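**Q** Have a look at this one.
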Amino acid sequence: MKTVHLDDVVIATEAFGRPDHPAVVLIMGATASMLGWPDALCRGLADRGYFVIRYDHRDTGRSTTVAPGAAGYAVEDLAGDLVGVMDAYGLADAHLVGMSLGGLIGQLVTLDHLQRVASLTLIGSEPLDWDGPPLPHIAPAFMEHFAGSAELDWSDREAVTDFLLGIARLCAGSAHPLDVERTRAEIGAVLSRTRSIASAFNHGTVQLRHSHPGRFRAIARPVLVIHGEEDPILPLPNGEALATGIPGARLMVLKGVGHELPPAEIPAIVTAVTNHMAARI
């Protein structure tokens, strides 16, 4: 574990593997702490010869947290946090792996700091500054579920666990039935190290400060797109748009998988990502 002190925030990080190996930085999605990256995935990449870093976004885990509804930052600030983590570890460059919102952050950093990025993997993500016909987004069932948070007692651990379990159920695809007991344990681990779980939902209001339509098409690094066939938050056409729009990008579709990283899929994901990183141009 390592705490990174930036100008106005503190970011909690954790590393796996040897620091003299090529670096991989894992960027989680909205509302998710570093624990969104399964230990098996982190160790799997480290065992393949990489120095793996995961970290808590601001408003998650042990990083700086503000009150619910008080987020005054943008996606660009989250991108700055990522660069700050890289600087704190002394990384001249790194392979970036981003999921969902983490994929947007990875795209932004690749465009703004090209020499700092060796390769980019985008999991369950969407194009930055999309310039085509509207793409499908979050299923209505999520909005109905989130509406219940207005009456949720965030101090009631069991109620919060049930609420988060509901999100996990909605995210799961048909290929891997949700393991409720395992998921409850994972939620418990998240709650035990989170200062304010309600503040994590500040990410729902975070937007880009600046927009440049079609900018993602200028990404000039090797890109692997991994997307669940049944993703209900950012449906597959989002991944297809990324793979089509970024020159040379490759698409890996996970059959029957939703917006998730199921344990059964981790070996295949580790293999795909390491092969992609090893083939960097």
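The values are calculated or read from the model by the stated rules, or taken from the named source; none is laboratory data. Just so it is clear, the structure is predicted and the values come from calculations on it, not from any experiment. Heads up, the Cβs are rebuilt from the backbone with ideal geometry, glycines too, and the neighbour counts pull from every protein chain shown.
**Q** Quick check: anything in the range 155-165 in contact with an Asp or Glu (Cβ under 7 Å, 6 or more places away or on another chain) and within 30 Å of ALA220 (Cα to Cα)? Outline the logic, then answer.
**A** Of the residues in the range 155-165, the ones in contact with an Asp or Glu (Cβ under 7 Å, 6 or more places away or on another chain) are 159.
Keeping just the survivors that are within 30 Å of ALA220 (Cα to Cα) gives none.
No, the range 155-165 contains no residue that is in contact with an Asp or Glu (Cβ under 7 Å, 6 or more places away or on another chain) and within 30 Å of ALA220 (Cα to Cα).
**Q** Considering only residues that are part of a strand (DSSP E or B) and not aromatic (Phe, Trp, Tyr), look in the range 22-67 and name the one that is surrounded by the most Cβ atoms within 10 Å (Cβ to Cβ).
**A** Across the range 22-67, the extreme among qualifying residues is ILE27.
**Q** Also, quick follow-up: Considering only the range 127-150, how many residues are of a type in the set (Val, Ile, Thr) and assigned to a helix (DSSP H, G or I)?
**A** Qualifying residue count, the range 127-150: 0.
**Q** I would also like to ask the following. Please verify whether the range 191-208 includes one or more residues that are of a type in the set (Phe, Trp, Tyr) and out of contact with any Ser or Thr (no Cβ under 6 Å at 6 or more places or on another chain).
**A** Taking every residue of the range 191-208 in turn, none turns out to be of a type in the set (Phe, Trp, Tyr) and out of contact with any Ser or Thr (no Cβ under 6 Å at 6 or more places or on another chain).
**Q** Is it the case, given these coordinates, that VAL109 is surrounded by 24 or more Cβ atoms within 10 Å (Cβ to Cβ), within 16 Å of the chain's Cα centre (by Cα) and without any contact (Cβ under 8 Å) to a residue 40 or more places away in the chain? Even if it seems obvious, please write down each step before you answer.
**A** Working: surrounded by 24 or more Cβ atoms within 10 Å (Cβ to Cβ): yes; within 16 Å of the chain's Cα centre (by Cα): yes; without any contact (Cβ under 8 Å) to a residue 40 or more places away in the chain: yes.
Considered against the rule, which asks whether it is surrounded by 24 or more Cβ atoms within 10 Å (Cβ to Cβ), within 16 Å of the chain's Cα centre (by Cα) and without any contact (Cβ under 8 Å) to a residue 40 or more places away in the chain, VAL109 comes out as yes.
**Q** Can you tell me which residues in the range 78-89 are touching a residue at least 12 places away in the same chain (Cβ under 8 Å) and assigned to a helix (DSSP H, G or I)?
**A** LEU78, ALA79, GLY80, ASP81, LEU82, VAL83, GLY84, VAL85, MET86, ALA88
**Q** Moving to a separate point now. So the check is Cβ under 7 Å with 6+ separation or different chains; which pairs have a first residue in the range 224-245 that's within 20 Å of THR271 (Cβ to Cβ) and a second one that's of a type in the set (Asp, Glu) and at pLDDT 95 or above?
**A** GLY228/GLU260
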